[in-house]
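The values are calculated or read from the model by the stated rules, or taken from the named source; none is laboratory data. Nothing here was measured: the structure is a model prediction, and the numbers come from that model. Virtual Cβ from ideal backbone geometry, glycine too; neighbours counted across all protein chains shown. Note: accessible area is taken over every heavy atom of the protein model, side chains too, but ligands, DNA and RNA are not part of it. Shrake-Rupley method; radii C 1.70, N 1.55, O 1.52, S 1.80 Å.
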Amino acid sequence: REQTSATQKVQMSDLVDIAPITTIEDALQGQLGGVDVVLGGGDPGARANIQIRGASTLNANADPLIVIDGVPYPANISDDTDFSTISNDDLGALLNISPQDIESIEVLKDAASTAIYGSAGANGVVIITTKRGKEGKATVNFDAYYGFSGSPNYKHGMVGDEWVNYQREAYKYKNGDYPSDMSALFGNQDYTDAYNAGKWIDWIDEASGNTATTQKYSLSVSGGSEKTKIFASTSYNREEGLLSNDNLNKYSLRLNIDQEIFSWAKMG
């Protein structure tokens with residue numbers, strides 16, 4: 001495989017002590033020169049846009065080619081593949097591999113991309129190598145992460161006495177005097193009953209009173225013999241947004257098996 005100065009590599013093991021890595025985009029952000037990672041939105045599960053060497057087009061797709069364990073995606077890639085039809089959601093689906101299952105990420109730029117993958121690598125190539133089983137006793141790894149982004153600080157409406165006093169002043173301005181009772185002020189028996197029962201609802205707090213949080217748990221087992229090596233993992237990721245019901249639950253399972261059939265034949 002041809003290698004040039006436009007090739008950079010990130011070892012996931014080097015990032016363990018730097019910051020919690022919850023997505024592949026986190027692993028790339030700020031680690032490689034010429035690789036821009038910009039979050040596409042603030043909602044849970046929003047994918048980041050990855051651009052190599054900046055934007056190369058105004059209205060066509062500029063996402064890099066993704067290669068996972070030697071398989072380029074889309075898997076039916078050919079010289080006739082129209083990469084402008086590949087959405088960022090499709091790219092995000094490919095990048096849903098748990099970072100804990102990745103051994104390294106290699107980025108090819110410029111001639112290093114096109115020399116190997118042709119026109120498909122015009123926007124750069126991200127090569128992902130996943131972890132595989134190793135000979136020896138079984139090794140179990142567990143990784144847990146919990147973080148929060150704080151609470152929203154939206155303007156809240158008036159409730160309680162503040163709202164009643166405001167309505168009394170508005171009534172006096174319109175009618176020249178304060179209302180004789182609450183029913184005259186509200187003009188609606190349901191409102192009056194709710195006032196007498198002390199029922200108040202802050203709709204801003206009801207709709208956006210959540211705290212944005214992220215939690216992730218990963219468990220993996222690796223081991224095997226001289227001829228059979230296995231790597232298995234499972235992970236659970238939950239993101240909660242600021243708004244009610246704005247959340248994401250993501251589950252993943254992964255299994256890598258390498259089997260030596262004969263001395264000259266292996267299967268994975």
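Numbers below:
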| quantity | calculated |
| --- | --- |
| Any hit, the stretch 171-181, residues being within 30 Å of G136 (Cα to Cα), open to solvent by less than 70 Å² (accessible area, probe 1.4 Å) and not small (G, A, S) | no |
| Check on T228, farther than 30 Å from K137 by Cβ, of a type in the set (V, I, T) and in contact with an Asp or Glu (Cβ under 9 Å, 6 or more places away or on another chain) | no |
| Listing of strands (runs of 3 or more DSSP E) fully contained in the stretch 195-268 that carry 2 or more residues being in contact with a strand residue (DSSP E or B) (Cβ under 7 Å, 6 or more places away or on another chain) and among the aliphatic types (A, V, I, L, M) | 213-224, 228-240, 247-262 |
| Single unsatisfied condition, Y251 versus (1) over 25 Å from G70 (Cβ atoms); (2) open to solvent by less than 50 Å² (accessible area, probe 1.4 Å); (3) touching a Phe, Trp or Tyr at 6+ places or on another chain (Cβ under 6 Å) | (2) |
| Identity of the residue in the stretch 110-139, part of a loop (DSSP other than H, G, I, E, B), open to solvent by 10 Å² or more (accessible area, probe 1.4 Å) and touching a Leu at 6+ places or on another chain (Cβ under 9 Å), that ends up modelled with the highest pLDDT | N123 |
| Every pair of residues 6+ apart whose Cβ atoms lie under 9 Å, when the first sits in the stretch 170-187 and is over 17 Å from G198 (Cα atoms) while the second is of a type outside the set (K, R) and assigned to a loop (DSSP other than H, G, I, E, B) | Y171/D177; Y171/Y178; Y171/P179; K172/Y178; K172/P179 |
| Restricting the stretch 44-70 to residues that are part of a loop (DSSP other than H, G, I, E, B) and at pLDDT 70 or above, the residue that is nearest to D26 (Cα to Cα) | P44 |
| Residue pairs meeting the criteria (Cβ under 8 Å; at least 6 apart or on separate chains; first free of Cβ contacts under 8 Å to residues at least 60 places away in the same chain and within 19 Å of V37 (Cβ to Cβ), in the stretch 109-137; second open to solvent by less than 70 Å² (accessible area, probe 1.4 Å) and not β-branched (V, I, T)) | G121/P64; G121/L65; G121/L108; G121/S113 |
| From the options D246, D258, residue that is among the acidic types (D, E) and under 14 Å from the mean Cα position of the chain (by Cα) | D246 |
| Residues of the stretch 157-204 that turn out to be touching a Ser or Thr at 6+ places or on another chain (Cβ under 6 Å) and at pLDDT below 80, as a count | 3 |
| Qualifying position, being in contact with a Ser or Thr (Cβ under 8 Å, 6 or more places away or on another chain), open to solvent by 70 Å² or more (accessible area, probe 1.4 Å) and over 20 Å from P44 (Cβ atoms), among L243, L219 | L219 |
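Each row is one residue, and each column tells you yes or no for (1) open to solvent by less than 70 Å² (accessible area, probe 1.4 Å); (2) in contact with a strand residue (DSSP E or B) (Cβ under 6 Å, 6 or more places away or on another chain); (3) of a type in the set (D, E, K, R).
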{"site": "D143", "(1), (2), (3)": "yes, yes, yes"}
{"site": "F148", "(1), (2), (3)": "no, yes, no"}
{"site": "G157", "(1), (2), (3)": "yes, no, no"}
{"site": "Q189", "(1), (2), (3)": "no, no, no"}
